[in-house]
Amino acid sequence: MDKFNIAIDGPAGAGKSTIARLVAGALGFIYVDTGAMYRAVTWKVQQEGLLPDQETEVAALAERMQIELVPGEEGQQVYVDGVDVTKAIRTTAITDHVSQIASYGAIRQLLVALQKQMAISKGVVMDGRDIGTHVMPDAEIKVFLTASVKERAERRFKEMQNNGTCTLTLSELEQDIARRDQLDQNREISPLRRAHDAVLMDSTSMTIEEVVDEILGLCKNKVGGGK
Ligand code: DC
C-alpha cells in the first residue's frame, strides 16, 4: 500500500485528536496535531511576558523559537526550545488566548510552512482547522469532523474531570467552545471551513470506534489502504 495523507478538520472538542491518533496508529502513519503548534507559540508568548495582542513582537518571537513534535506512546509530545510543554499547553491559561495568536497572518504563514514540510513524505494524519483547505489541499482523504456544541462541551467536561484539570462548569465550557467556534470561523485568514471535497462526519451520536472505522473505510475505498 502506498502512503497517503489524511486531513481531519473541525471545531474544538469534536474529537479530532483522539480519532486522528487512532487512525494514524491503525495505518502506521504519523499523527500531527497542528493545534499544539499554535498552543506552543501561545505558551512561549506567556513565558516571555508578552501580551497576546503585541502582534509584531509575537511574530518575531515565533520566528526565533523551535517547536518539536515527537510521536510517543501516549500521543504527540511537544517541545519548545527543548522544554517539554506537552501538558502545559493544555491549561486554560493557554486555551483562553490561543485563538487570538492563531489569527495572526505571520504566525499562520510560519506554522503552515512547517506543517507542509511534515506532509511531504506522505503517511501523515494531520488535524486542525485549515488542513484540508490550506495545509494539505491535495490530501487523498479529507474529513470534516463536527458534533453539537452541547456534546463537545460534555466530552471536554468528562475528559477534564478524569484528568483532574476541571476548573470550569459545564455551562462555562459550553460558552467557551461557542466563543472559540466564533473566533475560528470568523477570522480573516484561513477560517475554519469544510473543504469542498471533505467528507462531513457528525460524531454527536457516534462512538470513537465508529468514527475511526468510518475513516478507515474511506481509506480502503479511496486508496486501497486501511481495514
Ligand atoms: O485544536 P486546538 O484546540 O488545540 O487548537 C488550538 C487553537 O489553534 C484553536 O483556537 C484553533 C487554532 N488552530 C488553527 O487555527 N489552525 C489549526 N490548523 C489548528 C488549530
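Quick one: which of VAL80, VAL58 is in contact with a Lys or Arg (Cβ under 8 Å, 6 or more places away or on another chain) and of a type in the set (Val, Ile, Thr)? Break it down stepwise before answering.
Values: VAL58 fails: in contact with a Lys or Arg (Cβ under 8 Å, 6 or more places away or on another chain).
Of VAL80, VAL58, the one residue that is in contact with a Lys or Arg (Cβ under 8 Å, 6 or more places away or on another chain) and of a type in the set (Val, Ile, Thr) is VAL80.
Consider segment 184-196. How many of its residues are over 20 Å from ARG155 (Cβ atoms) and surrounded by 14 or more Cβ atoms within 10 Å (Cβ to Cβ)? Please lay out each step first, then the result.
We begin by selecting, within segment 184-196, every residue over 20 Å from ARG155 (Cβ atoms); these are 186-191, 193-196.
Still in the running and surrounded by 14 or more Cβ atoms within 10 Å (Cβ to Cβ): 187, 189-191, 193-195.
Residues in segment 184-196 being over 20 Å from ARG155 (Cβ atoms) and surrounded by 14 or more Cβ atoms within 10 Å (Cβ to Cβ): 7 in total.
Could you check segment 129-144 and list, in sequence order, the residues that are in contact with a strand residue (DSSP E or B) (Cβ under 9 Å, 6 or more places away or on another chain) and either more than 11 Å from the ligand (Cβ to nearest atom) or acidic (Asp, Glu) (or both)?
If the condition is that a residue be in contact with a strand residue (DSSP E or B) (Cβ under 9 Å, 6 or more places away or on another chain) and either more than 11 Å from the ligand (Cβ to nearest atom) or acidic (Asp, Glu) (or both), then ASP130, PRO137, ALA139, GLU140, ILE141, LYS142, VAL143, PHE144 are the ones that fit.
Scanning segment 89-107 for residues that are part of a loop (DSSP other than H, G, I, E, B) and buried (at least 18 other Cβ atoms within 10 Å of the Cβ), which turns out farthest from the ligand (Cβ to nearest atom)?
Looking at residues that are part of a loop (DSSP other than H, G, I, E, B) and buried (at least 18 other Cβ atoms within 10 Å of the Cβ), I get TYR104.
Within segment 127-170, can you find the residues that are under 21 Å from LYS116 (Cα atoms) and among the β-branched types (Val, Ile, Thr)?
Selection gives ILE131, THR133, VAL135, ILE141, VAL143.
Read the figures in this text as sums done on the coordinates, not as results from a lab. Treat the numbers as computed from the prediction; the structure is a model and nothing was measured. So basically every Cβ, Gly included, is an ideal-geometry build from the backbone, and we count neighbours across all protein chains shown.
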